[in-house]
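The structure under discussion appears below in the form of structure tokens.
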Amino acid sequence: MADATAVPPMSPALLTTADGRPLKAALQAAQARARRRAFLLVAPLLLFVVLTFIVPIGQMLHRSVYHDGLSSNAPKIAAWFAATPAGTPPDEAAWAALAEDFKAMKANKTAGEAGTRVNYTLPETRSLFTKTARGADKLAPPWHEAFVAIDPKWDDLAVWQAMRGASTAYTTDFYLIATDRTRDAAGNVEQVAENQRIYLWLFGKTFFLSGMITVICLALAFPVAHLLATLPARKANLLMILVLLPFWTSLLVRTTSWMVLLQGQGVVNDLLVRGGLIGDESRLAMMYNQTGTIIVMTHVLLPFMILPLYSVMRVIPPSYARAARSLGATSWTTFRRIYLPQTLPGIGAGALLVFILAVGYYITPALVGGADGQLISNLIQFHMANSNWSLAAALAAMLLAGVLVLYWLYDRLIGIDNLKLG
Amino acid sequence: MALPVYASPLERLWHRTYLVICAAIFLFLISPILIVIPLSFNVEPYFSFTKEMLSLDPSGFSMRWYDSLLTVGMTTPDGPRDANWWSMAWAEATWVQAAKNSIIIGFWSTILATFLGTLAALGLSRPEMPWRRAVMAVLISPMIVPIIIIATGLFFFYSNPCSVVGLSCGRLTSTYTGIVMAHATLGIPFVIITVTATLSGFDQSLIRAGASLGASPSRTFFKVVLPLITPGVVSGALFAFVTSFDEVVAVLFIAGPEQQTIPRQMWNGIREAISPAILAVATILVIISIALLATVELLRRRSERLRGVTPA
């Protein structure tokens, strides 16, 4: 190369490639190229996941703080609320704006939509809105009296307070509802009456039941994983099929099977009656209640506990336990002080995975949970089915936050790379 | 596992108890799956064993629920079972339609997930990959995030997919495309996990060996890398297919009446009129899952042999 020789002699410390570029720069360029190539391989999938996963969840989060039911359908009164400070009693201008909005809403048939938004903060407002819209044609000055003539509730300042809260499209109201809180007359946040607190209680119950299922799974998985890990490979592989077959079987099939087993006239009750353990009239109710949810979810999630435990136990050298015994430890001490601590990584991985999956479970509680075995996912579905989309989104966002914290914990403690299937 | 000779009587007793406990847990794991098989041949429309079944009387068993899988939904189910009848069953029967839909959706979502997932796994297992850990966490998250949240998000997104860029275009709800995309997203984590696991034992010097012998990068890929990772890719694809084949929540949220799948049909069957026809479907699905499990197990062994990993 002609110009390679033309390069002035460099300091001896600086190495160059054959074509005269400094080695450091050439290496950096090559590494950048390699990084780019690796990233280009991942890019199509990343784009796909962003489109079908990240963006939809982002939209859901947006929906949880955004509801334009009142602000878009009743823009005049929304503008009045924006122009006046909080707590202003409605003046004649406000009543006139409201009357105009109601006439428009009657024409567009959107009073129900607007009323629904206010209804989230003050019950029975939706019917007030639809009733008023029906009589909107008769509205004439003096406005205030005309509204009160349709329904005396319009004199209630609480209605105006609720409308003011609903008059902006962006709101934190749905998170307040989802955490069993409300705003009092002065606009301060307070807890709702004790008998109306459902959401936080259900979150608590979901976490409690998930924890319980995790503990039961651990109790059942530990002996089985230990047996599989200590048996000779041939026998262990055969028994492993019994663990993997449920793992591969359709969730709906497993849930159906449990319904066959657990129902009043089902196999388990039949066996108990025939065995004389219970009377024919006192058959156990093991389904359509919390018991059903716990039994079936334990069965469904058990392989997720056995597999990580097994992969950890398989590599624990038996010589440590033997050494402990030879030094005089009892079998219990050996288990507690030598064996158990070595299985902790497996316990952590399995327990976290089972707990994460249990917290978001939907299908099993919906089919066998009955009234008291429902989890938070089922309530989200219930609100979606009733078009309470923003409230469903707020509840889903709270559940998502919980799951992501656990996921982060899993990644920190165990590492996503170590997730294995079968 | 045998007890050492120095075990005390108490330890022997405990060991027996331990084995009994393990047997009970295995029974708990497997009995729900096996119980549906005999019950699906029940002659009565019940979910419990009749006296005839328990005494193994042939009159207590029948194929009527399997037959109903073909006849339910047909306009003229009674007639001679000639070629015409079978083509009618193929075109009209509710369960057959559901099976067709499930297979079509499962097939395309598996193709999509496997192609994109394998490509990404190849990138992720390169040591130069930037932000490896974060990207991996994002790509695995569809497996961790509750399905109800994904379905809710998709329900909003699919009603107007272009709203992200401020436009308005058609909707993806009630379309095959929409469900295939959703199911592919759910299957991708499985492909990533299995393929990266296969690649983790992959000897990178083989690529350099190929290059040093004069093969182009693409030739090295198709002749060296791909044959070695194929077992992982296929088992990832099977996981993705099973995920789609068993998925009901997203389908309930975003599918229309046209996209009736087997799980959705089962879901309706379980919630409304529960009949042993569900058990007949369940039995067929159990047999399919046994076949899949066997395939994956064979692939795993083949992969270990190919990569020279000796099973522990």
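For the range B:96-138, name all the residues that are open to solvent by 60 Å² or more (accessible area, probe 1.4 Å) and closer than 23 Å to residue B:229 by Cα.
Listed by number, the residues that qualify are B:107, B:108, B:111, B:115, B:126, B:127, B:128, B:132, B:133.
Report whether or not residue B:39 is within 11 Å of another protein chain (Cβ to nearest Cβ), at pLDDT below 90 and touching a His at 6+ places or on another chain (Cβ under 6 Å). Break it down into steps so the answer makes sense when it comes.
Working: within 11 Å of another protein chain (Cβ to nearest Cβ): yes; at pLDDT below 90: yes; touching a His at 6+ places or on another chain (Cβ under 6 Å): no.
For residue B:39, the condition - within 11 Å of another protein chain (Cβ to nearest Cβ), at pLDDT below 90 and touching a His at 6+ places or on another chain (Cβ under 6 Å) - is not met.
Does residue A:338 meet the test of being closer than 21 Å to residue A:224 by Cα and open to solvent by 40 Å² or more (accessible area, probe 1.4 Å)?
On the way: closer than 21 Å to residue A:224 by Cα: yes; open to solvent by 40 Å² or more (accessible area, probe 1.4 Å): yes.
In short, yes.
Is there any pair linking a residue in the range A:247-276 that is more than 18 Å from residue B:287 (Cβ to Cβ) to one that is among the aromatic types (Phe, Trp, Tyr), with Cβ under 8 Å and at least six apart or on different chains, and which?
A:259/B:47; A:263/B:47; A:265/B:46; A:265/B:47; A:266/B:47; A:267/B:49; A:270/B:49
Only one of these is surrounded by fewer than 17 Cβ atoms within 10 Å (Cβ to Cβ), modelled with pLDDT under 90 and in a helix (DSSP H, G or I): A:269, A:237. Name it.
Numbers: A:269 fails: surrounded by fewer than 17 Cβ atoms within 10 Å (Cβ to Cβ).
Result: A:237 is the single residue among A:269, A:237 that is surrounded by fewer than 17 Cβ atoms within 10 Å (Cβ to Cβ), modelled with pLDDT under 90 and in a helix (DSSP H, G or I).
Looking at the range A:282-290, can you tell me whether even one residue there is assigned to a helix (DSSP H, G or I), within 29 Å of the chain's Cα centre (by Cα) and away from every other protein chain (no Cβ under 13 Å)?
Pass one, the range A:282-290, residues assigned to a helix (DSSP H, G or I): A:282, A:290.
From what is left, the residues that are within 29 Å of the chain's Cα centre (by Cα) are A:290.
Remaining after also requiring away from every other protein chain (no Cβ under 13 Å): A:290.
The answer is yes; a qualifying residue exists.
Condition (residue is part of a helix (DSSP H, G or I), closer than 21 Å to residue A:352 by Cβ and under 27 Å from the mean Cα position of the chain (by Cα)) applied to the range B:150-172: is it met by at least one residue?
So the first thing to find is which residues in the range B:150-172 are part of a helix (DSSP H, G or I), and the list is B:150-159, B:161-165.
Those left that are additionally closer than 21 Å to residue A:352 by Cβ: B:150.
From the residues that got through so far, the ones that are under 27 Å from the mean Cα position of the chain (by Cα) too are B:150.
So far as the range B:150-172 goes, yes, one or more of its residues are part of a helix (DSSP H, G or I), closer than 21 Å to residue A:352 by Cβ and under 27 Å from the mean Cα position of the chain (by Cα).
Filter the range B:272-307 down to residues that are facing chain A (nearest Cβ under 7 Å) and either free of Cβ contacts under 8 Å to residues at least 12 places away in the same chain or not in a helix (DSSP H, G or I) (or both) and give me whichever is least open to solvent (accessible area, probe 1.4 Å).
B:293
When you check residue B:197 against the structure, is it open to solvent by 30 Å² or more (accessible area, probe 1.4 Å), without any contact (Cβ under 8 Å) to a residue 60 or more places away in the chain and under 23 Å from residue A:44 (Cβ atoms), yes or no?
Details: open to solvent by 30 Å² or more (accessible area, probe 1.4 Å): yes; without any contact (Cβ under 8 Å) to a residue 60 or more places away in the chain: yes; under 23 Å from residue A:44 (Cβ atoms): yes.
Yes.
Could you please find all residues in the range A:350-361 being open to solvent by 10 Å² or more (accessible area, probe 1.4 Å) and either within 13 Å of chain B (Cβ to nearest Cβ) or more than 16 Å from residue A:308 (Cβ to Cβ) (or both)? Outline the logic, then answer.
Initial filter on the range A:350-361 (open to solvent by 10 Å² or more (accessible area, probe 1.4 Å)): A:351-353, A:355, A:357, A:361.
A:352, A:353, A:355, A:357, A:361, listed by residue number.
Return yes when residue A:331 is open to solvent by 20 Å² or more (accessible area, probe 1.4 Å), under 30 Å from residue B:288 (Cβ atoms) and in contact with a Lys or Arg (Cβ under 8 Å, 6 or more places away or on another chain) and no when it is not. Working first, answer last.
Values: open to solvent by 20 Å² or more (accessible area, probe 1.4 Å): yes; under 30 Å from residue B:288 (Cβ atoms): no; in contact with a Lys or Arg (Cβ under 8 Å, 6 or more places away or on another chain): yes.
Taking the combined requirement at face value, the residue does not satisfy it.
Hey, among A:38, A:97, A:146, A:30, which residue is assigned to a helix (DSSP H, G or I) and open to solvent by 30 Å² or more (accessible area, probe 1.4 Å)?
On the way: A:38 fails: open to solvent by 30 Å² or more (accessible area, probe 1.4 Å); A:97 fails: open to solvent by 30 Å² or more (accessible area, probe 1.4 Å); A:146 fails: open to solvent by 30 Å² or more (accessible area, probe 1.4 Å).
Only one candidate passes the filter, namely A:30.
I need a count of the residues in the range B:242-267 that are more than 11 Å from chain A (Cβ to nearest Cβ), open to solvent by 20 Å² or more (accessible area, probe 1.4 Å) and modelled with pLDDT of 90 or more.
Total satisfying the criteria: 1.
Scan the range A:387-403 and give yes if some residue there is in a loop (DSSP other than H, G, I, E, B) and in the same structural domain as residue A:256 (by TED's automatic domain parsing), otherwise no. So that I can check it myself, show each step before the final result.
In the first step, residues of the range A:387-403 are kept if they are in a loop (DSSP other than H, G, I, E, B); the result is A:387-388.
Filter once more, so that each one left must be in the same structural domain as residue A:256 (by TED's automatic domain parsing): A:387-388.
Yes: one or more hits.
Name the single residue that is nearest to residue A:300 (Cα to Cα) among those in the range B:46-68 being within 13 Å of another protein chain (Cβ to nearest Cβ) and open to solvent by 70 Å² or more (accessible area, probe 1.4 Å).
Among them, the one singled out is B:46.
Which residue is nearest to residue A:290 (Cα to Cα), if the candidates are limited to the range A:243-260 and must be within 7 Å of another protein chain (Cβ to nearest Cβ) and open to solvent by 10 Å² or more (accessible area, probe 1.4 Å)?
Of everything passing the filter in the range A:243-260, A:258 is nearest to residue A:290 (Cα to Cα).
The values are calculated or read from the model by the stated rules, or taken from the named source; none is laboratory data. These numbers come from a predicted model, not from an experiment. Note: ideal-geometry Cβ built from the backbone for every residue, glycine included; neighbour counts use all protein chains shown. Only protein heavy atoms, including side chains, enter the accessible area calculation; ligands, DNA and RNA are left aside. Shrake-Rupley method; radii C 1.70, N 1.55, O 1.52, S 1.80 Å.
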